[in-house]
Amino acid sequence: MTIFKITCQEVGCRYTIRQGHLFSGHHDALRDVTFNLTDGERLGIIGMNGAGKSTLLRLLAGVLHPTSGRIIREGNPNCSLLSLSNQWYPDLSGRDNAILACLLAGMRRSAAEARVETMREFSELGRWMDLPVRTYSTGMALRLALAAALQVQPDVLLLDETLGVGDAVFQQKAAAAIMDTVERARSLVLVSHDINSIISLCDRILWLEDGRVRADGPTEEIAASYAAWVAADREVRAVFSEMDGA
Amino acid sequence: MNVRKILCAWDALIFHAACSFRAELSRYYLHFVWWLLDPILTLATLYVVFGIFLASPQPNFTLFLLTGIVVWQWFANTVTNATNSIFGSMRMFQQFKVYPVHFPLCVFLQDLTKYVPVLMVFFLCVAIFGPVPVSPVWLGIIPVMAVEGLCVLGFSIMVASLVPFLPDLAKAVPIVINMLFFASGIFYDIQTAILPKHQAIIYANPNAVCITAMRDILINGRQPDWVMLGTAAAIGLGALILGLIMVTKFRRVYPRLISQ
């Protein structure tokens, strides 16, 4: 088994945003991000909304490419992104969408089709699996997304806010399945706003703020700093809120 | 790119085209009947206007019209459908490492699957009711349709590759398609209706060349103009190469553009 390592060196990611009729601006979602992810490591990524967490996951997955800096992948690890974005074609059935998702994730067709019943059972969709996704509720679509995403067996599992899917009963089943995949994956990168999930699953935390790395270190140390920062931020917001009210 | 990745991409392309095709079939009550009704209704409209109201002197006018419509609609439908195929697949780029050319190729395969039965029915009708018997000259249909297919594929990929950078192109494409409809010789004979000094402009449209070539074979029973067909093939190949260069060169840019 080849040991792998992913190194991000001063990685930046810039989006082009159209402004007005003829002009375009840009948004730097990430700037000068430098860190390593080694074989066997479990990394949590925290930060406020818009800090660049999802962008960083997509860069690690290879879905996006950096506009500055570079990402070096030693050992060519297979990275799989498990996120719950709306990836479905509404006119295709759940079955067809799930197979297509597996194919686009790098599976051969025979393997993907062999997993259909497993996905049907896990998602608890039953006959709905054969109906167009446009007939699904949001929860059903999310359950299908999770069922399809868990079929891939990656070296690096990238989770983007996926731990709270579905109703309470499904969440327990989903958590067990995700943990099983986490155990089988060699490394994990978890983005979550739930700091307790990060603390329980990760041994290192990367704290992003406004697209830059604010802190990178052991879970306990960074989690404590983050909690203190969040509490202080809340107090400041409360004071300003009172002043606005007065 | 290794062999496994190519095979996986191929699997995904074929499956996507097949299930999109099935989904489209199930969307309408008349299912596949629309594939035949589309050219027939267009034929009926043009025949009433040009054949009856304007009393076109063109011999075998029904076959003349139908040849033009059948060839044209493959180009018009596929290029129109492929226009937003990359731009409209934003969610896929945010989740998967997918090659942008997958999407216009999928549209091409889907529309080809619909087009082939129409073509078969058309050729069968011409073989039975046409003015010239089936002969070895009919073998020329294969290269003519190959050239038309090359143009359809080339322009589909080229337009799809440009729209993410110029979304306004998606509005311009139907207008250009409409202009080309009138510049393809569908309801008139280019040789008799267009001044000689303007014919070169019309024949710069590969569809006009392919329609003329098809009529030469099916109505006049003669070989098409291979030089003009070669020029049309070169135009189609040029569009294909430009499109492939775009989707390859900007493969890493599309996800950030589309994520605006």
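We did not get these values from a lab; they are worked out from the coordinates using the rules stated. This one's a predicted model, so the numbers in the text were calculated from it and none came from an experiment. Backbone-built Cβ (ideal geometry, glycine too); neighbour counts: all protein chains shown.
Would you please state which residues of the range B:112-132 a label at B:Ala44 would reach in this model, taking the label point 7 Å out along Cα→Cβ and a backbone N cut-off of under 18 Å?
Residues passing the 18 Å test: B:122.
Suppose a student asked you for the relative contact order of the range B:16-154, using Cα pairs under 8 Å spaced at least 6 residues apart; what percent would you report?
30
Going by how many other Cβ atoms sit within 10 Å of their own, how do B:Ser85, A:Ser241 line up, fewest first?
A:Ser241, B:Ser85
Give me the Kirkwood hydrodynamic radius of chain B, using the inverse of the mean 1/r over all pairs of distinct Cα atoms, in Å to one decimal.
19.6
Along its three principal axes, how long is chain A when you only count alpha carbons? Whole Å, largest extent first please.
55, 52, 47
List, in order, the whole-Hz ³J(HN,Hα) value for each residue of the range A:198-208 obtained from phi through the Karplus relation with A = 6.51, B = -1.76, C = 1.60 and θ = phi - 60°; use x for Gly and Pro.
4, 5, 6, 9, 10, 9, 8, 10, 10, 9, 9
Any idea what the alpha-carbon Rg over 2.2 N^0.38 Å comes to for the range A:131-246?
For the range A:131-246, the normalised Cα radius of gyration comes out at 1.35.
Of B:Arg251, A:Arg95, how do they rank once you tally other Cβ atoms within 10 Å and put the fewest first?
B:Arg251, A:Arg95
Zone of A:Gln153 (label point 7 Å along Cα→Cβ, backbone N under 14 Å): which residues in the range A:67-103?
A:78
Please give the calculated 222 nm ellipticity per residue for the protein assembly as shown, where each DSSP H segment of at least 4 residues contributes -39500 (n - 2.57) and the sum is spread over every residue; nearest 500 deg cm²/dmol?
Calculated mean residue ellipticity at 222 nm is -18000 deg cm²/dmol.
Can you tell me the relative contact order of chain B? Whole percent, Cα pairs under 8 Å, sequence separation 6 or more.
That works out to 27 percent.
How big is the antiparallel share of DSSP beta bridges in the protein assembly as shown, given as a percent to the nearest 5?
Taking every DSSP beta bridge with both residues in the protein assembly as shown, the antiparallel ones total about 60 percent.
Membrane-span-like helices in chain B: DSSP H runs reaching 24 Å or more (Cα, own axis), mean Kyte hydropathy at least -0.5?
B:3-27, B:61-82, B:102-129, B:141-162, B:226-249
Indicate, rounded to the nearest 5 percent, the antiparallel portion of the DSSP beta bridges found entirely in chain A.
Taking every DSSP beta bridge with both residues in chain A, the antiparallel ones total about 60 percent.
Please compute the length gained on full extension between A:Gln9 and A:Ala215, using 0.36 nm multiplied by the number of residues separating them and subtracting their Cα-Cα distance.
72.6 nm
For q = 0.13, 0.16 Å⁻¹, what log10 I(q)/I(0) does the range B:125-223 give under the Debye formula with an equal point scatterer on each alpha carbon and no solvent?
Ignoring solvent entirely, the Cα scatterers give -0.58, -0.81.
Note the count of lysine pairs whose C-alpha atoms are less than 21 angstrom apart in the protein assembly as shown, limited to pairs 8 or more residues apart or on different chains.
Number of lysine pairs found: 6.
According to the Cα gyration tensor, what semi-axes, each the square root of 5 times an eigenvalue, does the equivalent ellipsoid of the range A:1-146 have, listed from largest to smallest in whole Å?
32, 23, 13
Under a crude label model (7 Å from the Cα following the beta-carbon direction), how far is B:Phe165 from A:Ala227 in nanometres?
Going from the B:Phe165 label point to the A:Ala227 one covers 5.2 nm.
How large is the Rg to Rh ratio of the range B:1-98 when both quantities use alpha carbon positions and Rh follows Kirkwood?
1.16
What shape does the range B:18-169 have by the C-alpha gyration tensor, where a ≥ b ≥ c are the square roots of the eigenvalues, rounded means a/c under 1.5, and otherwise prolate means a/b greater than b/c and oblate the rest?
prolate
Averaging over every viewing direction, what projected area does the convex hull of the Cα atoms of the protein assembly as shown cover, in nm²?
Hull-based average projected area comes out at 30.7 nm².
With a 10 Å Cβ neighbour count serving as the proxy for reagent exposure, in which order, fewest first, do B:Phe165, B:Phe108 appear?
Taking fewest neighbouring Cβ atoms as first place, the list is B:Phe165, B:Phe108.
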